[in-house]
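The values are calculated or read from the model by the stated rules, or taken from the named source; none is laboratory data. None of the values given here were measured: they were computed from a predicted structure. So basically every Cβ, Gly included, is an ideal-geometry build from the backbone, and we count neighbours across all protein chains shown.
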Amino acid sequence: MSRILYLDCFSGASGDMILGALLDAGLPLDELRRALGSLAIGIDVTADRVMRSGVAATKFRLHESGAASAKASAPKAPGAHGHDHGHDRAHDHAYDHDRPSPQPPVPSPQSHHHRSLVEIAALIDGSALSASGKARSQALFGRLAEVEAAIHGMPVDEVHLHEVGALDSIVDIVGAVFGLEWFGADEVVASPLNVGSGTVECAHGTFPVPAPATARLLQLQGAPVYARGVPAELVTPTGALLVTAYAHRYGPLPAMRIERIGYGAGDRELPGAPNVLRLFVGEAAADRPGDRVGVLEFEVDDMNPQIFGPLMDRLYAAGAHEVFYVPAQMKKGRPGTLVTAIAPPGLREALSAVVFRETTTIGLRYQEVERECLAREIVEVTTPLGAVRIKVSRRGGRVVNALPEFEDCARLAGEHDRSIKDVHALAVKAYLDREGS
């Protein structure tokens, strides 16, 4: 059985709603703060309990360190680049942030410090995210910039990157990558997205919902959409970016045993419907049809070996479960490499596009196969050096494996000048003591 995370986007999706739902479902706020704090961008975050049409939900808010109030409550003046999403920040993405307001905000150097893709990549490289988390975060920012470039008809390096480099976008994207990785889901499924209706005021004029960047992101990944309810923008570009990047497939709630439910709140009360994103976390039902994955492979013997590292990063960022390389003996006695990527069947085209764009191969093979996965959960144990997450795997309800998370062990080893294997041993002992108590 595999672990499933289901995004119920009946009231749209935005970056802060996704983060609120992850926190509501159990993501530790302190862990998220640690991950975001490692970016050194001068922010703090809070998670508040709010009501939306009678539904209790978690409201994720971004604060600038030392600021007197949350950024969410410091709106822009009329005429600033922005529009009202009906979520926490009026803009977590393409044109700028915050709701229009009758009064101008107090200027903040941090909020007006817009970063380029190169600067963001450097921030992420120095963060506490895992290697795969760093690669995916950087790829997501790259995709957002590519979409903006396509909309404005210019090269990526000429796009005005105020939207990519603003704090809201950095926090939403990096925080969601960390949170989704923390849950360790084998599969992410999403409902069709309710994009809302009406019009929205963007930096370049009035557009019908969905906004251009949102529409482009949804189109590229073939995400199913519909419009229902109040005339408002319900899906933001950052929401569209995150959902389409992680969803392996779309549809109704899959057959699963629900362990946790999280509600992430938008900013406003919407008449007739709770303005929330709902998250289900659980295990696939035992009688669920066979779990199928796509296996994509090809050999290459004429490519610069330096390309293999970035290729692996980009395949993971496109949604691959696993990517691995095997030495191969090619025709004419040439040494080569067999490249294999395992991914959800729905990502065949996305992964094939990466392969043909990034490598010298002129062909690849693809097949779908059945797979069996152990049921997994993350538990946290306390060692003399600090907390460590343990990935516990079960088959038929019986524990067959319990391994400390390497990133936690590496972090504590660095903080306490100990070897990673020492921290690993302490974590295993803490888990066994806990199970034996």
Which one of these does Ala320 not meet: (1) surrounded by 14 or more Cβ atoms within 10 Å (Cβ to Cβ); (2) touching a Gly at 6+ places or on another chain (Cβ under 8 Å); (3) not assigned by TED's automatic domain parsing to the domain that holds Glu233?
(2)
Unique residue being assigned by TED's automatic domain parsing to the domain that holds Asp125, modelled with pLDDT under 90 and closer than 21 Å to Leu129 by Cβ when the list is Leu22, Leu39, Leu27
Leu39
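Conditions (1) assigned by TED's automatic domain parsing to the domain that holds Phe183; (2) without any contact (Cβ under 8 Å) to a residue 12 or more places away in the chain; (3) assigned to a helix (DSSP H, G or I); (4) over 20 Å from Ser137 (Cα atoms), marked per residue:
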position: Ala245; (1), (2), (3), (4): yes, no, yes, no
position: Pro254; (1), (2), (3), (4): yes, no, no, yes
position: Gly264; (1), (2), (3), (4): yes, no, no, yes
position: Arg278; (1), (2), (3), (4): yes, no, no, yes
position: Phe298; (1), (2), (3), (4): no, no, no, yes
position: Gln306; (1), (2), (3), (4): no, yes, yes, yes
position: Tyr316; (1), (2), (3), (4): no, no, yes, no
position: Leu338; (1), (2), (3), (4): no, no, no, yes
All strands (runs of 3 or more DSSP E) inside the range 355-437 with 3 or more residues being among the charged types (D, E, K, R) and either within 30 Å of Gly282 (Cβ to Cβ) or modelled with pLDDT of 95 or more (or both)
365-371, 375-383, 386-395
Does Gln138 fit the bill of being without any contact (Cβ under 8 Å) to a residue 60 or more places away in the chain and out of contact with any Phe, Trp or Tyr (no Cβ under 6 Å at 6 or more places or on another chain)?
no
Being surrounded by 14 or more Cβ atoms within 10 Å (Cβ to Cβ) and farther than 20 Å from Ser352 by Cα is the filter here, so list the residues in the range 323-339 that pass it.
Ala328, Met330
Please work out if Leu167 is surrounded by 18 or more Cβ atoms within 10 Å (Cβ to Cβ) and either at pLDDT below 90 or over 30 Å from Gly37 (Cβ atoms) (or both).
yes
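Yes/no matrix, rows are residues, columns are (1) among the aliphatic types (A, V, I, L, M); (2) within 16 Å of Leu279 (Cβ to Cβ):
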position	(1), (2)
Gly15	no, yes
Leu19	yes, yes
Leu27	yes, yes
Ala35	yes, no
Ile43	yes, no
Asp48	no, no
Ser53	no, no
I'd like to know if the range 144-157 contains one or more residues that are within 17 Å of the chain's Cα centre (by Cα), at pLDDT below 90 and among the charged types (D, E, K, R).
no
Take the conditions in the same structural domain as Glu259 (by TED's automatic domain parsing) and under 20 Å from Leu5 (Cβ atoms) and apply them to Pro210. Does it pass?
no
Hey, among Leu347, Leu364, Leu426, which residue is under 30 Å from Leu296 (Cβ atoms), among the hydrophobic types (A, V, I, L, M, F, W, C) and in contact with a Ser or Thr (Cβ under 7 Å, 6 or more places away or on another chain)?
Leu364
Restricting to the range 1-49, count the residues that are assigned to a strand (DSSP E or B) and free of Cβ contacts under 8 Å to residues at least 12 places away in the same chain.
1
Out of curiosity, is Gly294 part of a helix (DSSP H, G or I) and surrounded by 14 or more Cβ atoms within 10 Å (Cβ to Cβ)?
no
Just one listed residue, out of Gly229, Gly239, is assigned to a helix (DSSP H, G or I) and surrounded by 17 or more Cβ atoms within 10 Å (Cβ to Cβ), and it is Gly239
Is one or more of the residues making up the range 16-31 farther than 27 Å from Ser191 by Cα, surrounded by fewer than 18 Cβ atoms within 10 Å (Cβ to Cβ) and touching a Ser or Thr at 6+ places or on another chain (Cβ under 7 Å)?
no
Would you point out the residue of the range 227-243, among those that are without any contact (Cβ under 8 Å) to a residue 40 or more places away in the chain and in contact with a Gly (Cβ under 7 Å, 6 or more places away or on another chain), that is nearest to Leu315 (Cα to Cα)?
Ala227
